[in-house]
Amino acid sequence: MKLLSQDRPGGPLISAILVLLLIGLALAPFLFPGTRALDTAARICVFVVLVASYDLLLGYAGIVSFAHTMFFGFGAYGVALTSEHMGRSFAALGIGTLSGALAAALLALAIGLFSLRVRAIFFAMITLAVASAVAVLVSQMSALTGGEDGLNFQIPRALTAAQKYADFKLFGVTLNGKLLNYYLVFSCATVLFLVLLRIVNSPFGRVLLAIRENEFRAEAIGYRVVWFRTGATVLSAVAAALAGSLYAIWLRYVGPSTVLSFEIMIDILLMVVIGGMGTMYGAVVGAVIFILAQNYLQGLMGLAEGALQGLPLLPQLLDPDRWLLWLGVLFILSVYFFPTGIVGRLRRR
Amino acid sequence: MSDPILTLKGVHTDIGRYHILQGVELEVPRGGVTMLLGRNGVGKTTTLRTVMGLWRARAGQITFDGRDVTALPTAAIARAGIGFVPEDMGIFTDLTVEENLILAAASGPLSSDRLDRIFAAFPPLKTFWKSAAGNLSGGQKQMLSIARAMAEERRLYLIDEPTKGLAPAIVATMAAALRDLKAEGAAILLVEQNFAVARLLGDSCAVMDDGRVIWSGPMAELAADTALQERLMGLSLEAP
């Protein structure tokens, strides 16, 4: 309980789901063999942190920002650039991670102090403008960033499949650097999530909730609203940058479409909404559902199409090419039946 | 009124293009209850909000305990020792009663001593301690709102219509709580339309009209003089 900062997930059902997801992710390499499954599990770990950090901003502080992928990108490009210029080493990863997080914190501080005084809609617009400007810069400064092609870089051999740690296989899994890399991502993500959970359940988090509800009242009680909001922005930016670094270390590649695009921003928003705003645990549920759907819906539909051959209309509707249509239907249904998100619905405070 | 805790000198406040306060002169003595009376729309609530810095005074000076607070940020004014209970109560409906009170103690943890006093004044708050404040009844919300101002040592309370729309039984609880607060020696500036409560609690009194204070003096004097009431507020306060 202490580990969860006294914030229980809620009812028994949601607790059971979360424990299952935790076990699933912790044992992913052994339970779901194959590169694709492991890749999906790592993506889920990274996005849990990214979505949780956005939930801190949107769900707890009530701040709408469109710059979250930008901070994610800072972390990712930080690792990519240092690995590119310093060569493959753990030092490069460390320095890249730290400098990405630092850059994210400074920019978040600047944006926050300059623009969190204004009305929410203007802040959202400013973040959108800054994020677009950064995306354009990254794609134009191709000498440094590789432009639209992005950067491929090397990470220490100890974290790649080339490094074997044992001659035997454990439950059919080769003990190599890739496995170590997955557990690096998994454990960092777990720690970051617990830290975020701690933050929202601290006195600081309580003030954020108060500000979200009634900022004038919070101010009249004696809290400087702009500082608390800026603090939330900086913390969530740093967490997003750290998630970006993990993602870059896992992929060994960064590019505008994987870490900076506006589509990722929309994915994050959807994951927060599907999981449940202002719940933290919603980030876990939202990220798992969304990324599984993104990765496996197409395959499932292919199977269904094959099974329904010969029936009228249905095979056409279930054509794998139409997977985005069904993804959309899934979202509409989830928002319709779970307006407060899945976790919000199941915990009902 | 030699050493008032709060002084307003020639305070003008505009809301948009409306000139609401037109030179308010007001002194709130240390200890005791000062009633702020007047018809609707004469600027009583605006006066309280201007003291808190929620509206900014365009001209004039506000002094709290010898310190000029006219230009301070709202949060700093609150931390200087003024507890504000707004008309809309402004409780955090999504948070629990407990969380509302913990938040109110902005400068440190809530002392159990104060909590006991709050529970003694408002027993329902203990009953609903862990439930969401949004589910409280109107009277209970008002109790929470006042309890929140009491969560910390304040030297001055600004309370805006605490009995508005409450059942008579709850009005009595509220009046008793305000009397306890007064007995502790805090100064209270109270906007109140319920004249029975006003007469019961008030020591001194200021009457506003058209954005100015037009009369101030001891409450007993106003209460005893129906002609004066008639002249100041255009109605007899003894009317039902």
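Side notes on the structure shown:
- The number of residues in region A:1-34 being farther than 19 Å from A:VAL49 by Cβ, part of a loop (DSSP other than H, G, I, E, B) and either at pLDDT 85 or above or under 20 Å from the mean Cα position of the chain (by Cα) (or both) comes to 2.
- Condition check for B:ARG148: free of Cβ contacts under 8 Å to residues at least 60 places away in the same chain and either more than 30 Å from B:GLN22 (Cα to Cα) or among the acidic types (Asp, Glu) (or both): no
- When we screen A:ARG88, A:ARG43 for residues that are outside any helix (DSSP H, G or I) and of a type in the set (Lys, Arg), the only hit is A:ARG88.
- Residue selected from region A:171-217 under the condition within 26 Å of A:LEU4 (Cβ to Cβ) and small (Gly, Ala, Ser), by the criterion nearest to the other protein chains (Cβ to nearest Cβ): A:ALA210
- Taken together, the criteria place A:ALA103 among residues that are within 21 Å of the chain's Cα centre (by Cα), surrounded by 13 or more Cβ atoms within 10 Å (Cβ to Cβ) and closer than 25 Å to A:TRP227 by Cα.
- Looking across region B:1-25, the residues that are buried (at least 21 other Cβ atoms within 10 Å of the Cβ) and under 20 Å from B:ALA186 (Cα atoms) come down to B:ILE5, B:LEU6, B:LEU8.
- The single condition from (1) surrounded by fewer than 17 Cβ atoms within 10 Å (Cβ to Cβ); (2) touching a residue at least 24 places away in the same chain (Cβ under 8 Å); (3) more than 10 Å from chain A (Cβ to nearest Cβ); (4) over 22 Å from B:LEU190 (Cα atoms) that B:SER112 fails is (2).
- Considering residues of region A:150-169 that are among the hydrophobic types (A, V, I, L, M, F, W, C) and free of Cβ contacts under 8 Å to residues at least 12 places away in the same chain only, the residue nearest to A:THR82 (Cα to Cα): A:ALA166
- Looking only at residues in region A:63-101 that are of a type in the set (S, T, N, Q) and out of contact with any Gly (no Cβ under 9 Å at 6 or more places or on another chain), the one that is nearest to A:ASN152 (Cα to Cα) is A:SER89.
- Segments classed as helices (runs of 4 or more DSSP H), wholly inside region A:134-231, with at least 1 members that are closer than 30 Å to B:GLY83 by Cβ and in contact with a strand residue (DSSP E or B) (Cβ under 9 Å, 6 or more places away or on another chain): A:215-221
- Within region B:90-100, one or more residues are within 13 Å of another protein chain (Cβ to nearest Cβ), modelled with pLDDT under 90, at negative phi and within 17 Å of the chain's Cα centre (by Cα).
- In region B:149-168, the condition of being surrounded by fewer than 20 Cβ atoms within 10 Å (Cβ to Cβ) and not in a loop (DSSP other than H, G, I, E, B) is met by at least one residue.
The values are calculated or read from the model by the stated rules, or taken from the named source; none is laboratory data. This one's a predicted model, so the numbers in the text were calculated from it and none came from an experiment. For neighbour counting, all protein chains shown are included, and Cβ atoms are generated from backbone atoms with ideal geometry for every residue, glycine included.
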